[in-house]
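Enquirer: I am attaching a structure below and will ask some questions about it afterwards.
The values are calculated or read from the model by the stated rules, or taken from the named source; none is laboratory data. Model, not experiment: these values are computed from the prediction. No Cβ is skipped: glycine too gets one built from the backbone with ideal geometry, and neighbour counts run over all protein chains shown.
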Amino acid sequence: KEKHKILHQLLQNSTSPVDL
Amino acid sequence: PEAADLRALARHLYEAYLKYFPLTKAKARAILSGKTGDNAPFVIHDMKSLMEGEQFINCRQIPILEHQQQTSALTLGHGGITAAHPGSEYGIMGMTSIGDQGPTDAVELRFFQSCQSRSAEAVREVTEFAKSIPGFINLDLNDQVTLLKYGVIEVLIIMMSPLMNKDGTLISYGQIFMTREFLKSLRKPFCQMMEPKFEFSVKFNTLELDDSDMALFLAVIILSGDRPGLLNVKPIEQLQETVLHSLELQLKLSHPDSLQLFAKLLQKMTDLRQIVTDHVHLIQLLKKTEVDMCLHPLLQEIMKDLY
């Protein structure tokens, strides 16, 4: 899960565009 | 009733596609064929026009894109449209100001970094589209990650095709046209990055898919049950089969005279895998040779141990 942290966040809606 | 369900699925995916992807094929082709009147794109064909490009875009109105009316204004922070904001820290496609550029060698690297910003934003758009595929969010979360990791670059290459013709490509949400010759004139290995995509796109565009066909094809790519490391293949294959049926029906209805279009389209998926493999190898080469290069964390996640 750690290896794909941002993808996980994107899938779970916990990354806002600004975090990218 | 079954055909009605397949048509409903096609409509649903087309709506999601319109919602999440700002530049449709219909709009891109209108720009490329000069049907947008005064809103012709600015052409970048050499280093001078590359510098002028930023100035040009600073003077233009920010087009209000349909999907962006629904998303946060922050979304624009990493896309090409940002370049239109006066005083922005970003330039073309998120590029740092070209006006005060350093040595010529750095131009390619800076342009590459700006492409990365736009790509990361595009990955977010593709993720939202994937989540709209019926059944996708019910799959094992680790499998959702795997499907995106392996599918997203393939999807981005397909989405790039409508923006391209044999002479160049639209960038910055269709506001700029960058020539193929200019991209070929960049120093190695940057000059090698886009040429395979042009070769693929010119052939792919002869299939003349429309946006609703594209939406279904992208969903088929995402739902590939043979990605390495998938935990539960069966539900993915079942979802893909339904989308494949919907795509087959769609193509029969919208392209009745195009023989074997469905088969031809499926064959493109093999070519795509090779293009992605070569692309990832090129990025890995860049990481070794360009000491100043930093890979975007999201793209790094996707490309690590990919092929």
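Enquirer: Answer yes or no: is there a residue in region B:104-115 that is surrounded by 14 or more Cβ atoms within 10 Å (Cβ to Cβ), among the hydroxyl-bearing types (Ser, Thr, Tyr) and modelled with pLDDT under 95.
Expert: For region B:104-115, residues surrounded by 14 or more Cβ atoms within 10 Å (Cβ to Cβ), among the hydroxyl-bearing types (Ser, Thr, Tyr) and modelled with pLDDT under 95: present.
Enquirer: Something else now. Go through region B:173-198 and give me each residue that's basic (Lys, Arg) and in a helix (DSSP H, G or I).
Expert: Those that are basic (Lys, Arg) and in a helix (DSSP H, G or I): B:Arg180, B:Lys184, B:Lys197.
Enquirer: Could you check, for region B:211-230, whether at least one of its residues is of a type in the set (Asp, Glu), within 14 Å of chain A (Cβ to nearest Cβ) and in contact (Cβ under 8 Å) with a residue 12 or more places away in the chain?
Expert: no
Enquirer: Just to check your reading of the model, which residue among B:Ile171, B:Ile176, B:Ile158, B:Ile153 is more than 11 Å from chain A (Cβ to nearest Cβ), touching a residue at least 12 places away in the same chain (Cβ under 8 Å), β-branched (Val, Ile, Thr) and under 28 Å from B:Asp5 (Cα atoms)?
Expert: Going through B:Ile171, B:Ile176, B:Ile158, B:Ile153 in turn, just one is more than 11 Å from chain A (Cβ to nearest Cβ), touching a residue at least 12 places away in the same chain (Cβ under 8 Å), β-branched (Val, Ile, Thr) and under 28 Å from B:Asp5 (Cα atoms): B:Ile158.
Enquirer: Sticking with this one: With the structure loaded, tell me whether B:Val243 is touching a residue at least 24 places away in the same chain (Cβ under 8 Å), hydrophobic (A, V, I, L, M, F, W, C), surrounded by 19 or more Cβ atoms within 10 Å (Cβ to Cβ) and within 19 Å of B:Val126 (Cα to Cα) or whether it fails that test.
Expert: Yes.
Enquirer: Considering only residues of region B:287-306 that are under 21 Å from B:Ala122 (Cα atoms) and more than 10 Å from chain A (Cβ to nearest Cβ), which is modelled with the lowest pLDDT?
Expert: Ranking the qualifying residues of region B:287-306, first place goes to B:Met293.
So that you can scan it fast, the table gives a plain yes or no per residue for (1) closer than 28 Å to B:Ser185 by Cβ; (2) in a helix (DSSP H, G or I); (3) of a type in the set (Ser, Thr, Tyr):
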| position | (1), (2), (3) |
| --- | --- |
| B:Phe129 | no, yes, no |
| B:Ile133 | no, no, no |
| B:Lys149 | no, yes, no |
| B:Ile157 | yes, yes, no |
| B:Ser161 | yes, yes, yes |
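Enquirer: In this structure, does B:Gly168 turn out to be touching a strand residue (DSSP E or B) at 6+ places or on another chain (Cβ under 8 Å), modelled with pLDDT of 95 or more and of a type outside the set (A, V, I, L, M)?
Expert: yes
Enquirer: Just the residues that are of a type outside the set (S, T, N, Q) and either crowded, with 17+ Cβ neighbours inside 10 Å or on the phi > 0 side of the Ramachandran plot (or both), please, taken from region B:247-261.
Expert: B:Leu247, B:Glu248, B:Leu249, B:Leu251, B:Leu261
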